[in-house]
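Q: Below is one structure. I have some questions about it.
The values are calculated or read from the model by the stated rules, or taken from the named source; none is laboratory data. Since the structure is predicted, the reported quantities are computational estimates derived from the model, not experimental observations. Cβ: placed from backbone, ideal geometry, glycine included. Neighbour counts: every protein chain shown.
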Amino acid sequence: MEKIVLPDIDNIHILDVYVQNGGFTAAKKAFSQTADDIIDQVKKSGLRGRGGAAFSAGLKWSFMPKTTDKPKYLCINGDESEPGSFKDRQIFEYNPHQLIEGILITCYAIGAKTAYIYIRGEYHKWVKLMQKALDDAYTAGYVGEAMKEKFGTEFFCNIYVHKGAGAYICGEESSLMNSLEGHRGYPRVKPPFPAQNGLWGCPTTINNVETITNIPPIITKGWEWFSKIGEPKHPGTILFGVSGHVNKPGVYELPSGTLLTDIIYNYAGGVPGNKNILCVIPGGSSMPPLRGDQLEGVKMDAESLKAAGSAIGTGGIMVMDEDTDLVKVLARLSHFYHHESCGQCTPCREGTGWLEKILKRILAGNGSVSDIDLLVTVANQIEGNTICALGEAAAWPVRFMVTRFRDYFEARVSKEVNLQVANKVHSMRETARPLAEVKN
Amino acid sequence: MEFKFTPENIDRINKEIAKYPVKKPAVMATLYIAQEQNGYISNEVIKEVAAILEMTAEEVLGVVTFYTMYYQKPMGKNHIQVCTNVSCMLRGGYDIWNQVKEKLGIGNMEVTGDGKFSIEEVECMGSCGTAPMLAVNEDYYENLTKEKVEELINSLK
């Protein structure tokens with residue numbers, strides 16, 4: 001299988017090697033066409049965002065206003081802080097010039113003169129690697145004003161690296177923009193959407209690192225070629241990051257629609273000690289967990305995973321064997337979301353804390369059966385009631401893990417109903433969604 | 001104690017400012033530079049950063065406290081960050097964290113008496129495929145075992 005994002009070419013991270021292997025020919029080809037043509041090709045290719053929402057990349061670009069007297073901006077989201085997700089760092093390290101070329105083409109398509117690559121602060125090394133690649137590309141005239149001469153075009157754009165400082169929430173696109181502007185990284189209320197009102201109130205597009213790295217091959221080889229790779233509704237390859245209880249954890253670039261079991265057992269080498277799998281989170285920690293007996297036949301693409309009761313997210317596959325303490329896992333995850341909640345919306349700020357407290361109570365052996373319902377109730381009251389998707393990200397793992405592993409959780413709590421807790425559940429249910437509506 | 005950036009650092013800050021249409025977005029980079037020069041973000045640092053970037057001190061403080069990577073007190077020369085999030089936890093992240101705590105005899109965000117070490121339990125660092133991991137200042141150490149951690153800490157000066 002041909003790899004698109006991380007090709008097996010030695011030293012492709014070096015500019016000369018990248019150029020020798022056809023680098024920057026896609027940009028040259030793109031600049032000879034109209035911006036609308038490029039957007040059209042990306043739309044037809046079926047490329048969907050790799051940052052979590054799997055939204056059509058071409059469609060997102062088409063939201064950018066054609067006529068505006070304001071400058072337009074492109075942001076590349078390399079905040080990559082989702083637990084279980086570690087794919088973008090591979091691109092910064094092993095194929096940064098394809099990302100740069102993708103940025104040039106994207107800027108041309110949406111009419112942006114400036115692009116920022118937002119990289120999480122902990123990635124000191126990868127910030128340096130990306131900056132080095134960018135410096136080389138500038139020196140060689142592939143980026144900046146020198147582009148005009150290099151490509152024989154009127155168009156040029158500048159690319160800058162912006163380093164974050166340790167906040168999961170900044171991976172949320174509107175939070176990322178606030179962070180980049182030098183504010184606290186609070187998410188913004190949408191609408192207005194970034195294409196109307198983004199960085200400094202100007203039209204802005206925000207795309208994931210992996211998404212944009214797919215652009216040059218689409219332009220070179222054509223949208224038809226790309227649209228035929230993997231699942232037709234979510235074509236292309238996806239960088240699957242496999243972690244947890246597998247023999248060979250790591251990032252695997254595979255066609256969309258590859259079987260989850262294939263990835264775990266063939267590519268990642270199966271589970272150590274041939275143990276059974278208790279639980280898999282297929283798309284990074286925020287996505288609904290699947291039971292070990294739900295994995296058979298599940299394909300890894302947005303539509304198939306939706307049908308299987310989860311979501312593709314960032315393609316970070318976390319595998320847990322039969323000896324895993326799921327209460328501990330969920331308590332740890334809830335601690336994470338509590339820690340990372342920006343504190344702007346009450347349901348998330350308070351709710352994530354409650355989830356953590358209840359789970360720690362169960363973990364300590366002091367939980368009652370009513371705690372399980374309380375977890376679902378609290379999760380339901382967070383979900384849909386917050387400005388950004390961190391609410392869902394915190395609620396989903398809890399709601400789905402508790403409902404899908406109900407027996408497991410019930411075995412960990414006292415059968416006696418804690419009246420104090422039960423009363424709380426009762427009074428809160430008045431406003432919460434009925435439990436019957438919670439999908440199993 | 002008044003804080004002033006060195007002339008070299010002023011140059012670096014100006015290069016950061018040049019990336020953006022206004023000065024304010026350079027605050028994150030400027031705070032990193034300040035932390036590098038001063039060791040931590042003091043109130044004097046905040047006032048100076050605010051003056052340079054034409055922000056209020058409160059705005060700068062808001063940024064400092066929002067993120068986890070700006071420290072408002074001096075940390076150890078070797079700031080050890082251990083990830084205990086799920087992917088690391090499944091592969092022994094807590095064992096590493098407990099080992100580091102025990103070996104250095106300090107708790108989360110504490111500094112050893114000689115100022116050589118400080119430790120922090122951190123959220124996912126993006127090393128899930130090479131878990132468990134820890135970082136010393138800016139450098140990642142991955143695929144850890146207890147022996148490797150022991151050796152690493154002994155080698156740090």
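Q: Is it fair to say B:Lys103 is in contact with a Gly (Cβ under 9 Å, 6 or more places away or on another chain) and over 23 Å from A:Gly171 (Cβ atoms)?
A: No: the conditions fail for B:Lys103.
Q: Now a separate question. Let me spell it out: the conditions are (1) within 14 Å of another protein chain (Cβ to nearest Cβ); (2) assigned to a loop (DSSP other than H, G, I, E, B); (3) surrounded by 16 or more Cβ atoms within 10 Å (Cβ to Cβ); (4) on the phi < 0 side of the Ramachandran plot, and B:Ile106 meets all of them except one. Which number is the exception?
A: Every listed condition holds for B:Ile106 apart from (1).
Q: Right, something else. For region B:136-147: of the residues being touching a residue at least 40 places away in the same chain (Cβ under 8 Å) and out of contact with any helix residue (DSSP H, G or I) (no Cβ under 7 Å at 6 or more places or on another chain), which is farthest from the other protein chains (Cβ to nearest Cβ)?
A: B:Val136
Q: Looking only at region A:324-371, which residues are outside any helix (DSSP H, G or I) and among the acidic types (Asp, Glu)?
A: A:Asp325
Q: Here are some residues: B:Lys47, B:Lys23. Which one is out of contact with any strand residue (DSSP E or B) (no Cβ under 9 Å at 6 or more places or on another chain), within 11 Å of chain A (Cβ to nearest Cβ) and surrounded by fewer than 21 Cβ atoms within 10 Å (Cβ to Cβ)?
A: Going through B:Lys47, B:Lys23 in turn, just one is out of contact with any strand residue (DSSP E or B) (no Cβ under 9 Å at 6 or more places or on another chain), within 11 Å of chain A (Cβ to nearest Cβ) and surrounded by fewer than 21 Cβ atoms within 10 Å (Cβ to Cβ): B:Lys23.
Q: May I ask you to verify whether B:Met28 is buried (at least 18 other Cβ atoms within 10 Å of the Cβ) and either outside any helix (DSSP H, G or I) or modelled with pLDDT under 95 (or both)?
A: Judged against the criteria, B:Met28 is not a match.
The rows are residues; the columns are (1) more than 14 Å from chain A (Cβ to nearest Cβ); (2) buried (at least 21 other Cβ atoms within 10 Å of the Cβ); (3) acidic (Asp, Glu).
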site	(1), (2), (3)
B:Ile80	no, yes, no
B:Arg91	no, yes, no
B:Lys101	yes, no, no
B:Val111	yes, no, no
B:Ser118	yes, yes, no
B:Leu134	no, yes, no
B:Glu151	yes, no, yes
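Q: Report yes if A:Glu154 is in a loop (DSSP other than H, G, I, E, B), more than 30 Å from A:Cys342 (Cβ to Cβ) and among the acidic types (Asp, Glu), otherwise no.
A: yes
Q: All but one of (1) away from every other protein chain (no Cβ under 14 Å); (2) in contact with a Cys (Cβ under 8 Å, 6 or more places away or on another chain); (3) aliphatic (A, V, I, L, M) hold for A:Ala307; which doesn't?
A: Failing condition for A:Ala307: (2).
Q: Something else about it: Looking only at region B:114-157, count how many residues are of a type outside the set (S, T, N, Q) and farther than 20 Å from B:Val86 by Cα.
A: Qualifying residue count for the region: 15.
Q: Turning to a different aspect of this structure: Please go through region A:346-373 and give me each residue that is aliphatic (A, V, I, L, M) and within 16 Å of A:Ala395 (Cβ to Cβ), ordered by number.
A: The answer is A:Leu355, A:Ile358, A:Leu359, A:Ile372.
Residue by residue, here is whether (1) buried (at least 22 other Cβ atoms within 10 Å of the Cβ); (2) under 19 Å from the mean Cα position of the chain (by Cα); (3) more than 18 Å from A:Ala30 (Cα to Cα); (4) not assigned by TED's automatic domain parsing to the domain that holds A:Asn21 holds:
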site: A:Glu93; (1), (2), (3), (4): no, yes, yes, no
site: A:Pro96; (1), (2), (3), (4): yes, yes, yes, no
site: A:Gly102; (1), (2), (3), (4): yes, yes, no, no
site: A:Ala109; (1), (2), (3), (4): yes, no, no, no
site: A:Ala115; (1), (2), (3), (4): yes, no, no, no
site: A:Asp136; (1), (2), (3), (4): no, no, yes, no
site: A:Tyr142; (1), (2), (3), (4): yes, no, no, no
site: A:Phe155; (1), (2), (3), (4): no, no, no, no
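Q: So, A:Glu80, is that one out of contact with any helix residue (DSSP H, G or I) (no Cβ under 6 Å at 6 or more places or on another chain), within 14 Å of chain B (Cβ to nearest Cβ) and of a type in the set (Asp, Glu) or not?
A: No: the conditions fail for A:Glu80.
Q: If you check A:Ser227 against the conditions, is it of a type outside the set (Phe, Trp, Tyr) and touching a Cys at 6+ places or on another chain (Cβ under 6 Å)?
A: Here the answer is no, as A:Ser227 does not meet what is asked.
Q: I need the full set of residues from region A:179-207 which are within 14 Å of chain B (Cβ to nearest Cβ), touching a Pro at 6+ places or on another chain (Cβ under 8 Å) and within 20 Å of A:Gly52 (Cα to Cα), in order please.
A: A:Thr204
Q: Would you check which residues across region A:354-388 are in contact with a Ser or Thr (Cβ under 8 Å, 6 or more places away or on another chain) and of a type in the set (Gly, Ala, Ser) and list them?
A: The answer is A:Gly367, A:Ser368.
Q: Is region A:333-343 home to any residue that is surrounded by 24 or more Cβ atoms within 10 Å (Cβ to Cβ), of a type outside the set (Gly, Ala, Ser) and over 20 Å from B:Cys83 (Cα atoms)?
A: No, region A:333-343 contains no residue that is surrounded by 24 or more Cβ atoms within 10 Å (Cβ to Cβ), of a type outside the set (Gly, Ala, Ser) and over 20 Å from B:Cys83 (Cα atoms).
Q: While we're here: Give region A:404-414 a look and list any residue that's farther than 12 Å from A:Ile362 by Cα and either basic (Lys, Arg) or without any contact (Cβ under 8 Å) to a residue 12 or more places away in the chain (or both), or say none.
A: Across region A:404-414, the qualifying residues are A:Arg404, A:Arg406, A:Asp407.
Q: Follow-up question, since we're still on this one. So, of the residues in region A:240-258 that are more than 14 Å from A:Ile281 (Cβ to Cβ) and touching a Lys or Arg at 6+ places or on another chain (Cβ under 6 Å), which turns out to be farthest from the other protein chains (Cβ to nearest Cβ)?
A: A:Gly257
Q: Under 8 Å between Cβ atoms, which residue pairs at least 6 apart in sequence (or on different chains) link something in region A:271-293 that is in contact (Cβ under 8 Å) with a residue 40 or more places away in the chain and surrounded by fewer than 24 Cβ atoms within 10 Å (Cβ to Cβ) with a partner that is assigned to a loop (DSSP other than H, G, I, E, B) and among the aromatic types (Phe, Trp, Tyr)?
A: From residues that are in contact (Cβ under 8 Å) with a residue 40 or more places away in the chain and surrounded by fewer than 24 Cβ atoms within 10 Å (Cβ to Cβ), the pairs are A:Arg291/A:Phe405.
Q: Select the strands (runs of 3 or more DSSP E) contained entirely in region A:184-299, then report the ones holding at least 1 residues which are polar (S, T, N, Q) and in contact with an Asp or Glu (Cβ under 7 Å, 6 or more places away or on another chain).
A: Correct list: A:237-244.
Q: Can you name every residue in region B:56-92 that is in contact with a strand residue (DSSP E or B) (Cβ under 6 Å, 6 or more places away or on another chain) and either part of a strand (DSSP E or B) or within 16 Å of B:Val149 (Cα to Cα) (or both)?
A: B:Asn78, B:His79, B:Ile80, B:Gln81, B:Val82, B:Cys83, B:Thr84
Q: Given the residues A:Glu210, A:Glu224, A:Glu231, which is the only one that is touching a helix residue (DSSP H, G or I) at 6+ places or on another chain (Cβ under 9 Å), among the charged types (D, E, K, R) and crowded, with 21+ Cβ neighbours inside 10 Å?
A: That would be A:Glu210, the only listed residue that is touching a helix residue (DSSP H, G or I) at 6+ places or on another chain (Cβ under 9 Å), among the charged types (D, E, K, R) and crowded, with 21+ Cβ neighbours inside 10 Å.
Q: Hey, could you check region A:60-91 for residues that are hydrophobic (A, V, I, L, M, F, W, C) and not in a loop (DSSP other than H, G, I, E, B) and say which is nearest to the chain's Cα centre (by Cα)?
A: A:Ile76
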